[in-house]
Amino acid sequence: MMGGVRILSLLPSATEIACLLGLESSLVGVTHECDWPPVARRVRRVTRSLLPKDAKPSEVDKLVSTAASGGAPTHWLDREAIAELNPDVVLTQDLCAVCAVPRGHLDAALASLGLRAEVVSLDPSSIADVLAGIEAVGRATGTEVLAKEITSALASRLEEVGHRVSGKPRPRVLALEWGDPPYNAGHWVPEMVERAGGNALLGQPGAYSRRLAWGEVAGAEPEVVVFMPCGYHLEAACAEGRELAGRAELAGAARFFAADSGGYFSRPGPRLVEGVEALAEALHGSGEVPGVLARLR
């Protein structure tokens with residue numbers, strides 16, 4: 001199916017997967033958030049954010065919470081563009097209605113346009129699910145052999161991290177995906193921390209992220225804080241993280257890192273493996289990992 005297939009990706013991590021499978025020329029449409037690899041930036045955008053560009057973190061939280069409760073959506077979908085592009089395969093998700101266009105909205109749009117594309121929904125809650133998603137895209141696009149080779153290589157890298165951190169002391173790590181109000185990082189992130197040789201606090205592998213009370217944060221007594229605001233790249237995370245690091249509730253943490261979450265933590269794509277490698281280096285190696293983690297304390 002690879003030759004001539006027209007792919008619409010409504011998820012940044014799915015765009016990364018498609019490009020990793022050599023399908024760059026088959027991508028006909030992507031989201032406004034699809035910025036990696038760089039070639040994806042030249043593909044037609046079919047969504048845009050409805051969140052104010054100058055909104056503060058607390059304001060974003062209110063708007064996102066409203067959307068999650070059935071209020072105004074956070075994304076706009078260009079139905080006319082989708083009809084014009086007429087994709088054969090659509091890569092989407094139903095995991096988070098505020099992080100990307102959910103499957104239900106897409107199905108309604110395709111039905112109203114009379115399109116019969118194959119829809120591949122990627123809804124991982126673990127790293128194994130992320131690797132399975134790569135293979136699912138491979139099956140849908142005729143690149144299954146390459147997909148299996150890639151997932152095998154990624155799994156080997158994870159095993160190597162496990163060997164490196166085996167038997168070492170496991171610091172108490174708090175991964176925060178938002179700072180005002182504080183949210184723990186959920187889904188696959190606690191697993192990433194555990195695989196990197198840390199003890200993940202206030203979160204269970206596979207569970208949703210949740211809002212925390214600052215007293216709860218202080219009571220967890222983290223030794224290491226990793227601030228990975230959802231969708232932020234490193235520069236923006238550092239700018240917000242410097243203020244957050246000064247909070248009294250986090251004063252007991254000897255180490256405080258800001259992370260390129262949009263590249264290596266919040267997007268469930270192949271670069272999560274690099275995120276695990278970076279965490280392992282931060283917890284048990286030299287510390288800062290250029291481009292991925294910056295140590296603020």
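The values are calculated or read from the model by the stated rules, or taken from the named source; none is laboratory data. Everything numeric here is computed off the predicted structure, so don't read it as measured data. With ideal geometry, Cβ positions are generated from the backbone for all residues, glycine too; neighbour counts draw on all protein chains shown.
Just name the residue that is nearest to Ala251 (Cα to Cα) out of those in region 209-240 that are among the aliphatic types (A, V, I, L, M) and touching a residue at least 60 places away in the same chain (Cβ under 8 Å).
Only one residue tops the list, namely Val226.
What residue, of Ser49, Ser58, is at pLDDT below 90, over 17 Å from His233 (Cβ atoms), of a type outside the set (A, V, I, L, M) and surrounded by fewer than 17 Cβ atoms within 10 Å (Cβ to Cβ)?
Of the residues listed, the single one that is at pLDDT below 90, over 17 Å from His233 (Cβ atoms), of a type outside the set (A, V, I, L, M) and surrounded by fewer than 17 Cβ atoms within 10 Å (Cβ to Cβ) is Ser58.
What are the residues in region 118-171 that are more than 18 Å from the chain's Cα centre (by Cα), β-branched (Val, Ile, Thr) and closer than 17 Å to Glu274 by Cα, if any?
Ile150, Val161, Val165
Looking at region 99-110, is at least one residue under 27 Å from Trp178 (Cα atoms), assigned by TED's automatic domain parsing to the domain that holds Ala14 and either of a type in the set (S, T, N, Q) or modelled with pLDDT of 90 or more (or both)?
Among the residues of region 99-110, not one is under 27 Å from Trp178 (Cα atoms), assigned by TED's automatic domain parsing to the domain that holds Ala14 and either of a type in the set (S, T, N, Q) or modelled with pLDDT of 90 or more (or both), which makes the answer no.
For region 132-141, name all the residues that are surrounded by 23 or more Cβ atoms within 10 Å (Cβ to Cβ) and more than 17 Å from Val5 (Cβ to Cβ).
Gly133
Gly246 passes all but one of (1) part of a loop (DSSP other than H, G, I, E, B); (2) in contact with a strand residue (DSSP E or B) (Cβ under 6 Å, 6 or more places away or on another chain); which number fails?
(2)
Right, Val292: over 15 Å from the mean Cα position of the chain (by Cα) and β-branched (Val, Ile, Thr) or not? Working first, answer last.
On the way: over 15 Å from the mean Cα position of the chain (by Cα): no; β-branched (Val, Ile, Thr): yes.
In short, no.
Return the residues of region 194-243 that are in contact with a strand residue (DSSP E or B) (Cβ under 7 Å, 6 or more places away or on another chain), among the basic types (Lys, Arg) and farther than 23 Å from Leu272 by Cβ; say none if nothing qualifies. Walk me through it before giving the result.
Within region 194-243, the subset in contact with a strand residue (DSSP E or B) (Cβ under 7 Å, 6 or more places away or on another chain) is 194, 198-203, 209-212, 214, 217, 220-230, 234, 237-238, 240-241.
If we keep only those that are among the basic types (Lys, Arg) too, we end up with 210-211.
Result: Arg211, single match.
Is it true that some residue in region 212-221 is over 14 Å from the mean Cα position of the chain (by Cα) and among the aromatic types (Phe, Trp, Tyr)? If you could, list the steps in order and put the result at the bottom.
Looking only at region 212-221, we keep the residues that are over 14 Å from the mean Cα position of the chain (by Cα), and these are 212-221.
Those still in the list that are among the aromatic types (Phe, Trp, Tyr) too: 214.
Scanning region 212-221, I find at least one residue that is over 14 Å from the mean Cα position of the chain (by Cα) and among the aromatic types (Phe, Trp, Tyr), so the answer is yes.
Does region 1-16 hold any residues that are part of a loop (DSSP other than H, G, I, E, B) and within 22 Å of Val273 (Cβ to Cβ), and which are they? So that I can check it myself, show each step before the final result.
First, pick out the residues of region 1-16 that are part of a loop (DSSP other than H, G, I, E, B): 1-6, 10-11.
Answer for region 1-16, where residues must be part of a loop (DSSP other than H, G, I, E, B) and within 22 Å of Val273 (Cβ to Cβ): just Leu11.
Checking Val120 against (1) at pLDDT below 95; (2) among the aliphatic types (A, V, I, L, M); (3) in a helix (DSSP H, G or I); (4) within 13 Å of Ala14 (Cα to Cα), which single condition isn't satisfied?
For Val120, the exception is condition (3).
Among the residues of region 19-66, what is the count of those that are of a type outside the set (Ser, Thr, Tyr) and farther than 19 Å from Ile82 by Cα?
Step one: filter region 19-66 for residues of a type outside the set (Ser, Thr, Tyr), giving 19-24, 27-30, 32-46, 48, 50-57, 59-64.
Cutting the leftovers down to farther than 19 Å from Ile82 by Cα gives us 19-22, 35-39, 51-57, 59-64.
Looking only at that region, the number is 22.
Restricting attention to region 80-98, and to residues there that are in contact with an Asp or Glu (Cβ under 8 Å, 6 or more places away or on another chain) and at pLDDT 60 or above, which single residue is surrounded by the fewest Cβ atoms within 10 Å (Cβ to Cβ)?
Let us first name the residues in region 80-98 that are in contact with an Asp or Glu (Cβ under 8 Å, 6 or more places away or on another chain), namely 88-90, 93-95.
Okay, now just the ones that are also at pLDDT 60 or above, so 88-90, 93-94.
On the way: Asp88: 18, Val89: 21, Val90: 27, Gln93: 23, Asp94: 16.
This residue is Asp94.
Do we find a residue being of a type outside the set (S, T, N, Q) and over 30 Å from Ile134 (Cβ atoms) anywhere in region 255-278? Can you show your working first?
First, the residues of region 255-278 that are of a type outside the set (S, T, N, Q): 255-260, 262-265, 267-278.
Next, from what is left, pick out any that are over 30 Å from Ile134 (Cβ atoms): 255-256.
Yes, because at least one residue in region 255-278 is of a type outside the set (S, T, N, Q) and over 30 Å from Ile134 (Cβ atoms).
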